[in-house]
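Derivation of every value follows stated rules applied to the coordinates shown; laboratory data play no part. Every value quoted in this text rests on a predicted model; they were computed, and no experiment measured them. Here the Cβ is made from the backbone with ideal geometry for all residues, glycine too, and neighbour counts use every protein chain on show.
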Amino acid sequence: MRLPVSGGQVLETGKGFHSSSPPQTVVRIAVYGALAVGLYTVENLIPSPLPWLRVGASNIAILLALYDLGTRGAVAVFLLKLLLGSILVGRFLTPFFWFAAFGGCASLLAMVLARMAAGRFMSIVGVSVIGGVFHNTAQLVVARLVMVPSNSVWFLLPVLELVGVVSGALVGVAARLVQLKLTECSGNQWFAADCAHREAERRKGNLD
């Protein structure tokens with residue numbers, strides 16, 4: 001695909017984010033990973049009514065990686081956040097670590113499947129909402145199995161689902177705003193070429 005740019009020149013587009021060279025992919029994973037770890041660390045410094053119940057701001061970086069680099073990139077960013085973030089906040093291998101691990105795995109799996117099944121019809125906000133709901137549901141299941149030996153814990157499910165919807169929507173909107181900012185192609189020929197190719201792929205339904 002050829003894209004006209006300023007000065008009458010024509011720029012050949014590449015394959016988009018999903019076929020970046022290995023060094024570029026590693027750099028992007030590192031950038032998203034640093035963002036995820038930073039957001040995770042800051043969020044865990046803010047007091048919460050329940051230590052394992054958070055908005056999940058670090059999922060902004062994971063969402064961006066999912067839509068930029070695909071499933072493997074998102075998994076890499078999630079693992080960086082989980083391991084480095086938990087070490088930085090002093091929760092590595094504690095009960096809070098396992099809450100984050102199970103909730104994060106469920107959330108990421110749900111977002112990947114939602115994007116694969118309905119990526120052409122569901123926005124990044126919708127995918128994020130699904131991730132938020134599954135994240136809180138998985139954490140409640142872990143709480144029931146490990147910490148609260150009573151079925152009364154399920155009375156919290158509607159509240160946690162609502163919190164998941166709200167937090168997922170907030171994270172999704174934030175991720176979408178970052179996407180829009182990054183894809184402002186004026187003055188950046190590489191982004192212009194990449195954005196044009198990704199839009200063409202999206203319309204064809206070929207984006208993985």
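Before moving on, here are some points about what is shown:
- Karplus-derived 3J(HN,Hα) values for the stretch 158-167, using 6.51 cos²θ - 1.76 cosθ + 1.60 with θ = phi - 60°, are x, 5, 5, 5, 5, 4, x, 5, 5, 5 Hz; glycine and proline are entered as x.
- Taking the average, over residues, of other Cβ atoms within 10 Å as the packing measure, peptides 141-151, 96-106, 61-71 rank 61-71, 96-106, 141-151 from highest down.
- Full extension of the segment from LEU113 to THR94, taken as 0.36 nm per residue of separation minus the current Cα-Cα distance, would add 4.0 nm.
- Gain upon complete extension [VAL166, ILE46; 0.36 nm per residue less C-alpha separation]: 41.4 nm
- For the stretch 109-188, applying the loop criterion from DSSP together with a ceiling of 10 other beta carbons within 10 Å to the chymotrypsin sites (Phe, Trp or Tyr not before Pro) yields PHE121.
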